[in-house]
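Colleague: Below is the structure I would like to discuss, written out as structure tokens.
The values are calculated or read from the model by the stated rules, or taken from the named source; none is laboratory data. No experiment lies behind these values; they were computed from the predicted model shown. For neighbour counting, all protein chains shown are included, and Cβ atoms are generated from backbone atoms with ideal geometry for every residue, glycine included. All accessible areas refer to the heavy atoms of the entire protein, side chains included, with ligands and DNA or RNA removed. Shrake-Rupley method; radii C 1.70, N 1.55, O 1.52, S 1.80 Å.
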Amino acid sequence: MKPTAIITGASSGLGKEFVDATIDKFPDIDHIWLIARRESRLKSIAQKYPHKHFVILPLDLTQKESFAALAGKLKSLRPDIKLLINDAGMLGKGPFQSVGLDVQQKMIDLNVTAPVTIIKLALPYMKKGSMIVNVCSVSGFAPVINQIVYSSTKVFLINFTRGLRNELHHDGIKLLALCPGNMATEMMVKPDSSKKRKTIIDRLPFLQLGKMTRRALTLVQRGRSVYTPGGFYKFYRVVAKLLPHDLLMHFAKD
């Protein structure tokens, strides 16, 4: 069996960067499974690397049947999963009462249910030295007004990653919670510099995706549990441990 990487949310943004980073950092990984809804984008990414073998899985991870399809593919191909990156996620903004229940539920399904289910399905195909990166967020360090459900899903994912890392320690499987701040992706568009009114969150630093993804892969290989890229966001992580969250929420309004 050939070493395999599975990357969700791979069609754009951070997930797409993780494809490049994986090929760069782990040249021995010959097979890469790409999971996202947009099949044409996944195929376009795969065409960039004709020397690699890709499995394209156009799945909507908010739908239960997608996990049945993934389970079937795993059972059929029985890959040697060296790396699993759970990047697929969704950010819904606005006061809780104003955001539709369907949007809130999709956030929970994609940010919580999907990574938990995929890890459960993948673990039988992982062994000592395998690695899992769960893309979390600095929003998981304290509640964020107008992102209440989103930040709550990220709290769960951080705690889940750290707890499972402890459970799987004796199996030699490594887990990393990647907790970035602002990123110029489809989910989080960088505001126009000419925009006169910006929220506090808009004014925070935007991270370099290429540098961050490669660093994350280095750190999970070394056994790090949590990685918060960027000096400002490292500072925020410390502050979130020291200051009352009611105070932080007053300043961290979206």
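Colleague: Could you check the stretch 1-41 and list, in sequence order, the residues that are out of contact with any helix residue (DSSP H, G or I) (no Cβ under 7 Å at 6 or more places or on another chain) and basic (Lys, Arg)?
Modeller: LYS2, ARG37, ARG38, ARG41
Here is a yes/no grid of residues against (1) closer than 25 Å to THR213 by Cα; (2) in contact (Cβ under 8 Å) with a residue 40 or more places away in the chain; (3) not aromatic (Phe, Trp, Tyr):
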site	(1), (2), (3)
MET1	no, yes, yes
ASP20	yes, yes, yes
PHE26	yes, yes, no
GLN47	yes, no, yes
PHE54	yes, no, no
LEU70	yes, yes, yes
ILE85	yes, yes, yes
PRO95	no, yes, yes
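Colleague: While we're looking at this one, here's another question. Of all residues in the stretch 87-104, count the ones that are assigned to a helix (DSSP H, G or I) and open to solvent by 70 Å² or more (accessible area, probe 1.4 Å).
Modeller: The number of residues fulfilling the criteria is 2.
Colleague: Can you tell me which residues in the stretch 1-35 are among the charged types (D, E, K, R) and part of a helix (DSSP H, G or I)?
Modeller: Answer for the stretch 1-35, where residues must be among the charged types (D, E, K, R) and part of a helix (DSSP H, G or I): LYS16, GLU17, ASP20, ASP24, LYS25.
Colleague: Anything in the stretch 22-35 that is hydrophobic (A, V, I, L, M, F, W, C) and either under 17 Å from SER130 (Cβ atoms) or open to solvent by 10 Å² or more (accessible area, probe 1.4 Å) (or both)? List them, or say none.
Modeller: ILE23, PHE26, ILE29, ILE32, TRP33
Colleague: Can you confirm whether ALA46 is over 15 Å from the mean Cα position of the chain (by Cα), buried (at least 18 other Cβ atoms within 10 Å of the Cβ) and not in a strand (DSSP E or B)?
Modeller: For ALA46, the condition - over 15 Å from the mean Cα position of the chain (by Cα), buried (at least 18 other Cβ atoms within 10 Å of the Cβ) and not in a strand (DSSP E or B) - is met.
Colleague: Restricting attention to the stretch 4-11, does a residue exist that is open to solvent by 10 Å² or more (accessible area, probe 1.4 Å) and closer than 16 Å to ASN134 by Cα?
Modeller: Yes, the stretch 4-11 contains at least one residue that is open to solvent by 10 Å² or more (accessible area, probe 1.4 Å) and closer than 16 Å to ASN134 by Cα.
Colleague: Looking at LEU70, LEU84, LEU61, which is the one that is assigned to a loop (DSSP other than H, G, I, E, B), closer than 23 Å to LYS43 by Cβ, modelled with pLDDT of 95 or more and in contact with a strand residue (DSSP E or B) (Cβ under 7 Å, 6 or more places away or on another chain)?
Modeller: On inspection, the qualifying residue turns out to be LEU61.
Colleague: On to the next question. Which one of the conditions (1) crowded, with 20+ Cβ neighbours inside 10 Å; (2) modelled with pLDDT of 95 or more; (3) in a helix (DSSP H, G or I) does SER139 fail to meet, given that it meets all the rest?
Modeller: Evaluating SER139 over (1) crowded, with 20+ Cβ neighbours inside 10 Å; (2) modelled with pLDDT of 95 or more; (3) in a helix (DSSP H, G or I) leaves (2) as the failure.
Colleague: Output the number of the condition that THR62 fails; it satisfies all remaining conditions of (1) hydroxyl-bearing (Ser, Thr, Tyr); (2) more than 17 Å from the chain's Cα centre (by Cα); (3) closer than 24 Å to SER151 by Cβ.
Modeller: (2)
Colleague: Give me a count of the residues in the stretch 149-172 that are farther than 18 Å from VAL135 by Cβ, of a type outside the set (D, E, K, R) and surrounded by fewer than 17 Cβ atoms within 10 Å (Cβ to Cβ).
Modeller: Of the residues in that region, 4 qualify.
Colleague: Please tell me if ILE108 is buried (at least 17 other Cβ atoms within 10 Å of the Cβ) and farther than 20 Å from LEU42 by Cβ.
Modeller: Considered against the rule, which asks whether it is buried (at least 17 other Cβ atoms within 10 Å of the Cβ) and farther than 20 Å from LEU42 by Cβ, ILE108 comes out as yes.
Colleague: Check VAL133, VAL116 and return the single one that is open to solvent by 40 Å² or more (accessible area, probe 1.4 Å), β-branched (Val, Ile, Thr), within 13 Å of the chain's Cα centre (by Cα) and within 16 Å of ARG162 (Cα to Cα).
Modeller: Going through VAL133, VAL116 in turn, the sole match is VAL116.
Yes/no matrix, rows are residues, columns are (1) assigned to a loop (DSSP other than H, G, I, E, B); (2) among the basic types (Lys, Arg); (3) open to solvent by 60 Å² or more (accessible area, probe 1.4 Å); (4) at pLDDT below 95:
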position	(1), (2), (3), (4)
LYS195	yes, yes, yes, yes
THR199	yes, no, no, yes
GLY210	no, no, no, yes
ARG214	no, yes, yes, no
LEU217	no, no, no, no
VAL220	no, no, no, no
ARG224	yes, yes, yes, no
TYR233	no, no, no, yes
